[in-house]
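Read through the structure below, which is laid out as structure tokens, and then see the notes.
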Amino acid sequence: MDNDKVIDVLNDLIETCRDGEMGFKEASENAKDRDLKQFFSDTAQQRAAFAGELQEHVRALGGDPAKRGSVAGSMHRAWMNIKGTLSGKDDHAILSEAERGEDSAVKAYEECLQQDLPQSVQRLAEVQYREVLRIHSLVKQLRDSRAARAGQRT
């Protein structure tokens, strides 16, 4: 794969990480539970760090790294805000939306890892992907446990 294509793939992941950073920050600001707020805040910081690592690789390849999230991510955050307002920003609803955002992140990493990438980029994407999967699973578990406590369906 030539440098320009690798840079494009990395910039897509940077946008995904920025979307996650902003989405988790929004979730942190709207969650009611203190521990959940901290989890969302920590995850937002993690995604910012992921974006920074990816940006370093883009620069090393001679490219310009993406500096913000995607249009789709902005639309999802707007939907999260609207849905949160309508539902009183219930933590279960916020977790459900966070899971949807993580579904997108998992898909973006899976698409990236199907590419023929330089070994250093492949290793970084694999490490980040495993962490995205872990967070996705944790968000789903948190959502399900809150639903069970409240007697809601997931």
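The values are calculated or read from the model by the stated rules, or taken from the named source; none is laboratory data. Since the model is a prediction, treat every value here as computed from it, not as a measurement. Every residue, glycine among them, receives a Cβ derived from its backbone with ideal geometry; neighbour counts consider all protein chains shown.
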### Task
Please indicate, with yes or no, whether at least one residue in the stretch 30-51 is at positive phi, modelled with pLDDT under 95 and of a type outside the set (D, E, K, R).
no
### One residue from F24, F39, F50 being in contact (Cβ under 8 Å) with a residue 24 or more places away in the chain, in contact with a Cys (Cβ under 6 Å, 6 or more places away or on another chain), part of a helix (DSSP H, G or I) and buried (at least 21 other Cβ atoms within 10 Å of the Cβ)
F50
### Message
For the stretch 1-37, give me each residue that is hydroxyl-bearing (S, T, Y) and closer than 18 Å to E56 by Cα.
### Response
T16
